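Okay, structure first, notes after.
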Amino acid sequence: MKVLVVGAGGREHAIVRALARSPQDPELLCAPGNPGIGRHARLLDVGVDDVAAMAAAAEHEAVDLVVVGPEAPLVDGLVDLLAARGITAFGPTGEVAQLEGSKAFAKEIMEAAGVATATWRAVSTVEDGMGAIERYPVVIKFDGLAAGKGVVIAQDEAQAREALEAFLVQERFGAGRVVVEEALEGEELSLLALCDGETAVPMAPAQDYKRIFDGDRGPNTGGMGSYSPVPGIDRARLEEMVRTIHQPVVDELRHRGTPFHGCLYAGLMLTADGPRVLEFNVRFGDPETQAVLPRLRSDLLDLLQRSTVPGGLAGDDPEWDERWAVSVVLASGGYPESASTGDVISGLDAVPDDVEVTHAGTGSGPGGEIVTAGGRVLNVTALGEGPGAARDAAYAAADLITFEGRQLRRDIALRAVERVA
């Protein structure tokens, strides 16, 4: 079995490491990968955004399965190109990937499927956007892909207008619409489900941390850490959320003749009136995957293969490690506004073997040393009998790793420790 993982970040490294644990002993490739991934898989020099070259490389390598990590190649139709070449892929088609590629499309699907979400309105001008606001705070989202940075929670009229102008006039992420929606109150939850076009099977729940600084302060990032499981989310509640959130979307898309195969990620707000969907992603979350997959005891490769077959996951119940996982992100100086690159990373060899370090934004220096090459640089993930033990181990290992300008939050999983104590 030859498997190609598409991507170059911490999520892809976590997927590769989980696939390497498969009893099927697959031959692993990754495009383009990074130095950390290169320890577990053969790297192909193909850019993530070049979907035509990626499909050609998969055919040239005669891979049996392609696992697409990032959202952009999914939205750009990589799975469609692979299917045209007779290559099996884990992930949705380009049309279905609009669940993440367009916030407005996702809202329309939710309405049709009867899935609870915030009230919303899509707009194309600043004045229409201002007119759509009923109260503050208000959430303003760029309709297309924005690498996790296209959301602004505006506290007043000035912030709202600034965000609308940035998205619609300055076109910070390119031309497009904006979705204006009510701000929901509660606690956030990330819930991933594997889907085979007919059935949604829940994975372990996780919580992530979007803001750059402790206490959820500062600008949004792609994610500064995560942990799994989540206090208060027992098996019954987990199954109920998948039954009322993921499954209706899977059913709606199947009825439209566009079945969803892959990982359906629901970003939820647990409000006083029940869970509400903040967003859908059409791939494994980052950094949630780095906390979830180390707990998976079932064969990930088997699950991914069966997700590509209609009804292939029926009756499945993945097995999970009872221990907690805490994952801490180490980011480069200047992130999220910018990223310092080329800074030498020290201390990786000092990390204990039972702590998983996944490379997110790393490269090779002129002397072969590992250097920073992106905003989020590394994920440090530890398992423990409780959130406190996992958290202590993760931070102890993280503090062994140094590079110029290193940033990390110190409160990852702290609320879980306080609740479980």
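Compactness ratio for region 222-317: Cα radius of gyration over 2.2 N^0.38 Å (N = residue count) comes to 1.14. The listed residues 255, 13 rank as 255, 13 when sorted by accessible area, largest first, using a 1.4 Å probe. Measuring between their Cα centroids, region 171-235 and region 11-25 lie 23 Å from each other.
Here the contact order of region 322-421, divided by its residue count and restricted to Cα pairs under 8 Å and six or more residues apart, works out to 40 percent.
Since only 144, 163, 183 are under comparison, the one whose Cα sits farthest along the positive direction of the charge dipole of region 135-275, derived from C-beta charges on Lys, Arg, Asp and Glu, is 144. Between residue 64 and residue 385, residue separation times 0.36 nm minus the direct Cα-Cα distance comes to 111.8 nm. Ordering 202, 290, 222 by the projection of their Cα atoms onto the charge dipole of region 187-318, which places +1 on the Cβ of Lys and Arg and -1 on the Cβ of Asp and Glu, puts 222 at the extreme positive end.
Please identify the chymotrypsin sites (Phe, Trp or Tyr not before Pro) of region 278-375 that satisfy two criteria: DSSP loop assignment and at most 12 other Cβ atoms within 10 Å. Which are they? Counting only loop positions with at most 12 other Cβ atoms within 10 Å, none of the chymotrypsin sites (Phe, Trp or Tyr not before Pro) in region 278-375 qualifies. Based on C-alpha pairs under 8 angstrom that are at least 6 apart in sequence, the chain has a relative contact order of 16 percent.
Per-residue ellipticity at 222 nm computed for the chain from its helices equals -7500 deg cm²/dmol, with DSSP H segments shorter than 4 residues left out and the rest contributing -39,500 (n - 2.57). Using a Debye calculation, one point per C-alpha and no hydration shell, please list log10 I(q)/I(0) for region 312-356 at q = 0.13, 0.15, 0.20, 0.32 Å⁻¹ in order. Treating every Cα as an identical point scatterer, log10 I(q)/I(0) equals -0.61, -0.71, -0.87, -1.18.
Charging the Cβ of each Asp and Glu at -1 and of each Lys and Arg at +1, and nothing else, the dipole of region 197-307 about its Cα centre rounds to 60 debye.
A straight chain from residue 410 to residue 50 at 0.36 nm per residue would run longer than the Cα-Cα distance by 125.9 nm.
Magnitude of the charge dipole for the chain, about its Cα centre and with charges confined to Cβ atoms of Lys, Arg (+1) and Asp, Glu (-1), is about 180 debye.
Residues whose amide H lies under 5 Å from that of residue 364, counting only those 5 or more places away or on a different chain, are 371; hydrogens are built 1.01 Å from N in the peptide plane.
For semi-axes √(5λ) of the Cα gyration tensor in Å, the candidate list reads [x] 53, 23, 21; [y] 34, 24, 18; [z] 29, 26, 23; the entry that matches the value derived from this model is [z].
Choose one of 133, 77, 56: the residue whose Cα lies farthest towards the positive end of the charge dipole of region 1-146 (beta-carbon charges +1 Lys, Arg; -1 Asp, Glu; about the Cα centre). The listed residue farthest towards the positive side: 133. Sort region 328-377 into rounded, prolate or oblate with this rule: let a ≥ b ≥ c be the square roots of the eigenvalues of the Cα gyration tensor; rounded if a/c is under 1.5, and if a/c is not under 1.5, prolate when a/b is larger than b/c, oblate otherwise. Note, shape of region 328-377 comes out oblate. Of the solvent-accessible surface of region 5-158, computed with a 1.4 Å probe over protein heavy atoms with every protein chain present, carbon and sulfur atoms account for 48 percent. Taking every lysine pair in the chain that is 8 or more places apart or spans two chains, those with Cα atoms closer than 17 Å amount to 6. Stokes-Einstein diffusion for region 104-164, with the hydrodynamic radius set to the Kirkwood value over Cα pairs and evaluated at 37 °C in a medium of 0.692 mPa s, equals 264 µm²/s. About its Cα centre, region 63-178 has a charge dipole of approximately 120 debye under the convention of +1 per Lys or Arg Cβ and -1 per Asp or Glu Cβ, with nothing else charged. Measuring with a 1.4 angstrom probe and ignoring ligands and nucleic acids, residue 60 comes out at about 150 Å² accessible. Per residue, the average separation of C-alpha pairs within less than 8 Å and at least 6 apart gives region 70-228 a relative contact order of 17 percent.
The values are calculated or read from the model by the stated rules, or taken from the named source; none is laboratory data. Just so it is clear, the model here is predicted, and its values are computed rather than measured. Glycine also receives a Cβ, built like all others from the backbone with ideal geometry; neighbour counts cover every protein chain displayed. Ligands, DNA and RNA are stripped out before the accessible areas are found, and what is left, the full protein with its side chains, is counted by its heavy atoms. Shrake-Rupley method; radii C 1.70, N 1.55, O 1.52, S 1.80 Å.
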